[in-house]
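Asks: Got a structure here, written out as structure tokens. Questions coming.
We did not get these values from a lab; they are worked out from the coordinates using the rules stated. This is a predicted model, so every value here is computed, not measured. Quick reminder, even Gly has a Cβ in these numbers, built from the backbone with ideal geometry, and neighbours come from all protein chains shown.
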Amino acid sequence: MLNSENRQNGSPEIESELAKDVANLYSWANVEDVSYRDFSNQRKTRHIPHVTDADLRKSEGSHVPELSIESQAEVFESSLPTPVEESPFPDVISVAEPPVEVDLPQPVSVHGVSAPAGFFEIGAMAPEESHAPALAIYSLAGGAGKTTVCANLGRIFSAMKEEVLLVDASGSGLLPFYFGATDLRSGLRTFVAPDANYSPLQVIGTNEITKEWLENDVKAAMRKAERTIFDLGPSSMSLLPQILGMCSTVIVPLLPDLNSILSVSRIEASWKAMQSTGTGVADLFYIFNRFDRHDSIDQRARALVERQCGDRLLPITIRDSAEVAKAIASRMTVADHAPGSEVTHDYLELAAWVRKRAPVRTGSRTRMRWSER
């Protein structure tokens, strides 16, 4: 692994190392005979222990009743100690760092990957904001799962009593289908859960992503929301600077395949170009989706991205799970369809990280499909 002094983007040493690693990835993938998508398919799902596993089992081998996503969120958060410093946002559920045995700052570890001290601290790295926090899920590589990430985060934040707005700026129009929609149409749509205790969740989309739509419809809806999540894609490239100007954080889902890995350098170059204009640019982070920590190829793909991005590659990963496809087929998020699944725990961890980075002030529980109001 290269040290921090050698991680400067565009340096000859990095470029040489990346070229060698990409060549190795092509060799591992046997691209002469198969397509790169075979590189990450046909994996066997393995159990990866989570911080909540011990809390969900009273004794080894005992029957564990399935918990709702809200109950799991409480278990996940209560399993971690409260921060030493009092939170400036007392109404927000707190998730602190995993316990350490000394008082000095220590690196934390999630899924076996270390993160710098303070990674999960309240407000860590977050810019000051006068408006409700906005998050963007962005990808240049198709099929990386950004819409699924967007829908599941929105679902979890809604369960945490937040008024959530999902902005479909990807051009696909698929976000409403995660909440029981049966038709494809533009405009602002409101979805309600089977349980009346939920906050309604809103999704706004359009047939054509324009500046007028962003300035008028989207910003008006954002003023009534406590948190906004943008689902971005190539269709929104022309408005990317304006959208990112409204966001504090951008998360890029990556698959452990060549298409995703090679898109990182393009995204990094775009961010550098926007920063060079002197305008404010949202902080950029990456997360691996459909990841198998026991697979050596996945681990090498992760190491390659970490060389480029350093600490901006999140230690959290979202595992490969058949439950996600089953949920989509049922027009549900996996958080609704399989609240007790391991992949739902992964989304809970990601949601906890986002809430720590961008908390909001806020004013569940069956496996059922949402409906539209």
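Asks: Show the residues, 5+ positions off or on another chain, whose built amide H is closer than 5 Å to the amide H of residue 286.
Replies: Sorted by chain and number, the residues that satisfy this are 252, 313, 314.
Asks: Let me ask something additional. For a footprinting-style exposure proxy, rank 178, 347 by other Cβ within 10 Å, fewest first.
Replies: In order of increasing Cβ crowding within 10 Å: 347, 178.
Asks: Can you put 182, 147 in order of Cβ neighbours within 10 angstrom, beginning with the fewest?
Replies: Listing 182, 147 from fewest to most nearby Cβ atoms yields 182, 147.
Asks: Could you tell me which trypsin sites (Lys or Arg not before Pro) in segment 217-323 are loop residues by DSSP with no more than 15 other beta carbons within 10 angstrom of their beta carbon?
Replies: When the trypsin sites (Lys or Arg not before Pro) of segment 217-323 are filtered for loop state and at most 15 Cβ neighbours within 10 Å, 223, 224, 293 remain.
Asks: Please label the shape of segment 279-369 as rounded, prolate or oblate, based on the square roots a ≥ b ≥ c of the eigenvalues of the alpha-carbon gyration tensor (a/c under 1.5 means rounded; beyond that, a/b larger than b/c means prolate, else oblate).
Replies: oblate
Asks: Something else now. So if I take the centroid of the Cα atoms in segment 308-357 and the same for segment 215-234, what is the distance between those two points in Å?
Replies: Result: 22 Å between the Cα centres.
Asks: What is the fewest-to-most order of 183, 257, 283 by other Cβ atoms lying within 10 Å of their Cβ?
Replies: 183, 283, 257
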